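Comments concern the structure below.
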């Protein structure tokens, strides 16, 4: 299926179907589901690709009008903490490509959430030849600035800087985060978009 406004939303490390407050499931999941639901109401097809977090989960769930959640079962990754997923990201990309081939679906926009999903989104962009936008949600250098003795994974810092340069758009919720990204190497004012978070 090829429509002009199909969005592939990536949330590799955190399933929006998870219980709030459980491992890697929190405010970002609420954000994703609410955003996808509103886009679906406007006629956009949104598929959220995430990881399987419980054995026997349905691979495809119709969550709301025009919104589907696709849970990818990648052996040995269900219970991994998010930082340990880095070496498995190519397997998630392959699983997404397999789903698209088998379902006949194609996407015109990729929206990655968090840096791990951004890596997968960047790889898919090269294959699908479509725009890739990212919402970081949290930044490694922001954690370092806020916590005196915080130790951050150097791979995260490197990938966030790279994604800042190669993504077609970066969505930020506040002007403060925009300024932080502009101060980073590769921060480009023309590709940073402030989209404030909503409150129900």
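The values are calculated or read from the model by the stated rules, or taken from the named source; none is laboratory data. The structure presented is a predicted model; accordingly, all values stated were derived computationally and were not measured. Cβ sites come from the backbone with ideal geometry, for glycine too, and all protein chains shown count toward neighbours.
Quick check on my filter: what residues within the range 53-111 are surrounded by fewer than 18 Cβ atoms within 10 Å (Cβ to Cβ), touching a helix residue (DSSP H, G or I) at 6+ places or on another chain (Cβ under 6 Å) and under 20 Å from residue 135 (Cβ atoms)?
Scanning the range 53-111 gives a single hit, 64.
Considering only the range 180-200, state which residues are more than 22 Å from residue 121 (Cβ to Cβ) and either touching a strand residue (DSSP E or B) at 6+ places or on another chain (Cβ under 7 Å) or at pLDDT 90 or above (or both).
Pass one, the range 180-200, residues more than 22 Å from residue 121 (Cβ to Cβ): 183, 196, 198-200.
Residue satisfying the conditions is 196 alone.
Report every pair of residues separated by at least 6 positions or lying on different chains whose Cβ atoms are under 9 Å apart, first residue within the range 75-89 and closer than 14 Å to residue 156 by Cα, second surrounded by fewer than 16 Cβ atoms within 10 Å (Cβ to Cβ) and at pLDDT 75 or above.
So the pair list comes out as 83/153; 83/155; 86/153; 86/155.
A quick yes/no check of all residues on (1) free of Cβ contacts under 8 Å to residues at least 24 places away in the same chain; (2) touching a helix residue (DSSP H, G or I) at 6+ places or on another chain (Cβ under 6 Å); (3) more than 25 Å from residue 46 (Cβ to Cβ):
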site	(1), (2), (3)
156	no, yes, yes
159	no, yes, no
165	yes, no, yes
176	yes, no, yes
196	yes, no, no
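Looking at the range 55-70, I want the residues that are free of Cβ contacts under 8 Å to residues at least 12 places away in the same chain and have a partner that is surrounded by 15 or more Cβ atoms within 10 Å (Cβ to Cβ) and outside any loop (DSSP other than H, G, I, E, B) with Cβ atoms under 7 Å, at least 6 apart or on another chain. Which pairs are those?
Qualifying pairs under 7 Å: 60/68; 60/70; 62/68.
Which condition number in (1) farther than 27 Å from residue 53 by Cβ; (2) in contact (Cβ under 8 Å) with a residue 60 or more places away in the chain is the one that residue 110 fails?
(1)
Sort out which residues of the range 119-145 are within 10 Å of residue 12 (Cβ to Cβ), free of Cβ contacts under 8 Å to residues at least 60 places away in the same chain and under 8 Å from the mean Cα position of the chain (by Cα), and write them in order of number.
Filtering the range 119-145 for residues within 10 Å of residue 12 (Cβ to Cβ) gives 119-121.
Add one more test, that the residue is free of Cβ contacts under 8 Å to residues at least 60 places away in the same chain, and what stays is 119.
None - no residue of the range 119-145 is within 10 Å of residue 12 (Cβ to Cβ), free of Cβ contacts under 8 Å to residues at least 60 places away in the same chain and under 8 Å from the mean Cα position of the chain (by Cα), so the list stays empty.
Check whether at least one residue in the range 62-77 is in a loop (DSSP other than H, G, I, E, B), under 15 Å from the mean Cα position of the chain (by Cα), closer than 17 Å to residue 16 by Cα and at pLDDT 90 or above, and report yes or no. Give the derivation first.
In the first step, residues of the range 62-77 are kept if they are in a loop (DSSP other than H, G, I, E, B); the result is 65-66, 73-77.
Now narrow it down to the ones that are under 15 Å from the mean Cα position of the chain (by Cα): none.
No: zero hits.
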